[in-house]
Amino acid sequence: MKKILIGLVKIYQKYLSPLKGHSTCIYFPTCSQYAVEAIEKYGALKGGLLAVWRILRCNPFAKGGYDPVP
């Protein structure tokens, strides 16, 4: 499951993200890179939940900035 989720994020990074034209993530690392790191470190369930929480926090009202995987 871990490899499948990481593969899906990599597909997003390679094919879908460039269609947006510019980086829109207010965080560093980007939300998709954060997802990959979280899933690699914590596994599919906990890492996936951390990634979803990060994506929910990525909005115009958030401060943004440096936010590494815990």
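The values are calculated or read from the model by the stated rules, or taken from the named source; none is laboratory data. Computed from a predicted model, the values in this text were never measured in an experiment. Glycine also receives a Cβ, built like all others from the backbone with ideal geometry; neighbour counts cover every protein chain displayed. Protein only, heavy atoms only, side chains kept; ligands, DNA and RNA dropped before computing areas. Shrake-Rupley method; radii C 1.70, N 1.55, O 1.52, S 1.80 Å.
In a simple Cβ point-charge model (Lys, Arg +1; Asp, Glu -1; nothing else charged), the chain has a dipole of about 120 debye relative to its Cα centre. For Cα extents along the principal axes in Å, the value computed from the atomic coordinates appears in the list [x] 54, 21, 15; [y] 38, 27, 16; [z] 31, 27, 15 under label [z].
Report, ordered by chain and residue number, the lysines lying within cross-link reach of LYS2, taken as a straight Cα distance under 19 Å and ignoring same-chain residues fewer than 8 apart. Of all the lysines, those that pass the test against LYS2 - Cα under 19 Å, at least 8 places apart if same chain - are LYS10, LYS14, LYS41, LYS46.
Solvent-accessible area of the chain (1.4 angstrom probe, protein heavy atoms only): carbon and sulfur portion equals 69 percent.
Using a simple spin-label model with pseudo-atoms 7 Å out from Cα toward Cβ, LEU45 and MET1 lie 0.7 nm apart. Other residues within the sphere of radius under 15 Å centred on the Cβ of TYR42, judged by their own Cβ, net out at +3 (K and R +1, D and E -1). Taking Lys and Arg as +1 and Asp and Glu as -1, the other residues whose beta-carbon sits under 13 Å from that of LEU8 total +4. Distance between the pseudo-spin-label points of PHE61 and LYS20 (7 Å out from Cα toward the beta carbon): 2.0 nm.
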